[in-house]
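Comments concern the structure below.
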Amino acid sequence: MTSPEKHRAIEAVWRIESARLIAGLTRMVRDVGLAEELAQDALVAAMERWPDSGIPDNPGAWLMATAKRRAIDELRRGKRVERKHEELGHELESDQAHGQPDLDTALDNDVGDDLLRLMFIACHPILSTEARVALTLRLLGGLTTEEIARAFLVPGPTVAQRIVRAKRTLAEEKVPFELPHGEELAARLSSVLEVIYLVFNEGYSATAGDDWMRPELCADALRLGRILAELAPLEPEVHGLVALMEIQASRSRARVGPSGEPVLLLEQNRGLWDPLLIRRGLAALERAEKLGGAQGPYALQAALAACHARARKAEETDWARIASLYGVLVRLSPSPVVELNRAVALSMAYGPAAGLAVVDTLTSEPTLAHYHLLPSVRGDLLRKLGRFDEARKEFERAASLTRNAREQALLLERAQDCTRGRA
């Protein structure tokens with residue numbers, strides 16, 4: 001194996017092991033920032049030694065043992081005499097003295113709860129949305145600062161600052177490394193689900209840049225969602241979110257044309273949809289429903305996606321059921337964006353005039369003033385009604401609002417079609 005191949009293998013191990021390593025260290029040192037530093041030190045040691053010695057049979061245990069030794073050194077250098085640090089030092093030294101078998105056992109016994117705790121810390125509502133996303137991808141996704149910056153098309157120093165400030169905030173506010181309970185659990189879990197879905201959506205429909213999709217982000221979000229479903233198997237909305245992401249991800253190959261251009265849902269080759277991901281999604285949706293979560297926001301969105309997944313042809317789609325499900329969703333989680341989606345479903349079920357009547361009520365909605373999909377949807381409905389000049393203006397406005405180059409090209413093409421009087 002060449003040196004570059006060895007380093008790629010080590011990086012792959014890091015992606016697999018880093019989350020549970022940081023989670024375990026955070027439980028020990030009670031400081032997520034210090035835990036990540038210790039984990040990074042262990043990675044540096046691995047990069048120095050493994051190319052010559054080879055990757056150990058249990059690389060996670062090797063990394064943890066190395067990081068724990070660094071933790072002991074850190075405590076000694078800092079001369080921390082508080083009782084909790086003294087107790088921690090004794091605990092770490094005891095683990096070190098007992099050797100590898102006890103370490104393996106500790107890793108296996110606590111990894112589930114530790115990962116769940118780390119998710120709740122990284123997604124803590126005290127942090128801004130951008131900070132939660134960056135910290136989650138860093139700590140749980142194993143992404144570097146540069147990778148996160150590239151994924152979201154922001155400068156690397158900006159991402160680095162978000163992560164540093166987030167860790168500082170968690171330390172200053174003394175956010176405990178524990179699982180929330182009672183009423184707090186629902187709010188904290190909602191924050192975790194929101195972050196995971198934000199990551200997925202940025203991969204599924206990139207808000208900016210030259211690419212319509214960023215599949216790596218979808219994969220990261222799906223992996224986090226699946227881990228969360230294993231760690232919280234009785235939470236129906238977790239399964240609802242996983243179902244939604246699995247079904248949406250199943251369309252990935254069909255959403256992009258040969259030159260990278262967007263292919264919209266009704267124009268996609270459904271033979272390219274991934275049947276395995278569809279089956280996984282439908283199974284996750286069934287779990288959510290059996291747990292009594294059929295009316296949860298993510299489960300409802302998954303049920304909407306399932307309507308498309310079950311239709312072998314676009315014309316077989318049950319648009320009346322989709323419109324009905326959107327009606328339930330808009331009552332449960334009132335939102336102009338959900339109402340816009342309901343308008344699309346109504347137009348497909350009952351004609352473009354029915355959808356346009358709803359869309360026109362949203363044109364004065366302040367939160368949609370710069371939302372490019374509002375004029376895009378309105379333009380599409382006007383085009384279907386033969387009102388081409390009005391439709392052209394809406395498509396041009398939508399193109400001016402989007403920051404995604406592929407989407408902008410598609411919208412301008414539609415505006416040009418309207419100039420030619422083509423529906």
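Extension gain, GLU178 to LEU276: 0.36 nm times the residue separation minus the Cα-Cα distance gives 31.7 nm.
Taking amide H as placed 1.01 Å from N in the peptide plane, the amide H of VAL256 sits under 5 Å from that of VAL263, each at least 5 places away or on another chain.
For the stretch 358-402, taking Cα atoms only, Rg and Dmax work out to 9.8, 28 Å respectively.
Of SER205, SER250, which has the most accessible area with a 1.4 Å probe, and how do the rest follow in descending order?
SER205, SER250
The separation of the stretch 137-158 from the stretch 371-417, counted between C-alpha centres, amounts to 32 Å.
As a test of reading the structure, rank ASP318, ASP57 by solvent-accessible area (1.4 Å probe, protein chains only), most first.
My answer, sorted largest first, is ASP57, ASP318.
Note on the stretch 3-55: Cα-only Rg and Dmax are 11.9, 36 Å. With the whole protein complex present, ARG342 retains an accessible surface near 60 Å², based on a 1.4 Å probe.
Dimensions of the stretch 291-386 from C-alpha coordinates, computed as largest minus smallest value along each principal axis and given longest first, are 42, 31, 18 Å. For the stretch 109-158, the C-alpha radius of gyration sits at 1.23 times the compact-globule guess of 2.2 N^0.38 Å, with N the residue count.
Looking at the chain, the accessible area is 49 square angstrom per residue; that uses a 1.4 Å probe and ignores ligands, DNA and RNA. In this structure, ALA9 and ASP73 have a Cβ-Cβ separation that, at R0 = 22 Å, corresponds to a calculated FRET efficiency of about 0.20.
Against the empirical 2.2 N^0.38 Å (N residues), the stretch 346-423 has a Cα radius of gyration ratio of 1.03.
Residue by residue, the stretch 348-360 carries 3J(HN,Hα) couplings of 6, 7, 10, x, x, 5, 5, x, 5, 4, 6, 4, 5 Hz when phi is fed to the Karplus relation 6.51 cos²θ - 1.76 cosθ + 1.60 (θ = phi - 60°); x denotes Gly or Pro.
Between the stretch 323-368 and the stretch 167-236, how far is it from one alpha carbon centroid to the other, in angstrom? Centre-to-centre distance over Cα atoms comes out at 27 Å. Length gained on full extension, ARG403 to GLU390, computed as 0.36 nm times the residue gap minus the Cα-Cα distance: 2.4 nm.
Using heavy atoms of the protein chains and a probe of 1.4 Å, the accessible area assigned to THR363 is about 80 Å². Expressed as a whole percent, the proportion of Cα-Cα pairs in the stretch 195-264 lying more than 22 Å apart is 23%.
Accessible area per residue was computed with a 1.4 Å probe on protein heavy atoms; LEU277 scores about 30 Å².
Remark: the chain is approximated by an ellipsoid whose semi-axes, taken from the C-alpha gyration tensor as √(5λ), come to 46, 22, 20 Å, largest first.
Using only the Cα atoms of the stretch 275-328, build the gyration tensor, take square roots of its eigenvalues as a ≥ b ≥ c, and label the shape rounded, prolate or oblate: rounded if a/c is under 1.5, else prolate if a/b is larger than b/c, else oblate.
oblate
The 3J(HN,Hα) values that the Karplus relation (6.51, -1.76, 1.60; θ = phi - 60°) gives for the stretch 185-197 are, in residue order, 4, 4, 5, 5, 5, 4, 5, 4, 4, 4, 5, 4, 6 Hz. Gly and Pro appear as x.
Each principal axis of the Cα cloud of the stretch 121-206 was taken in turn, and the coordinate range along them, longest first, works out to 38, 29, 19 Å.
The values are calculated or read from the model by the stated rules, or taken from the named source; none is laboratory data. The structure presented is a predicted model; accordingly, all values stated were derived computationally and were not measured. Here Cβ is always computed from backbone atoms with ideal geometry, including for glycine, and neighbour counts include all displayed protein chains. The accessibility values were calculated without ligands, DNA or RNA, using every heavy atom of the protein model including side chains. Shrake-Rupley method; radii C 1.70, N 1.55, O 1.52, S 1.80 Å.
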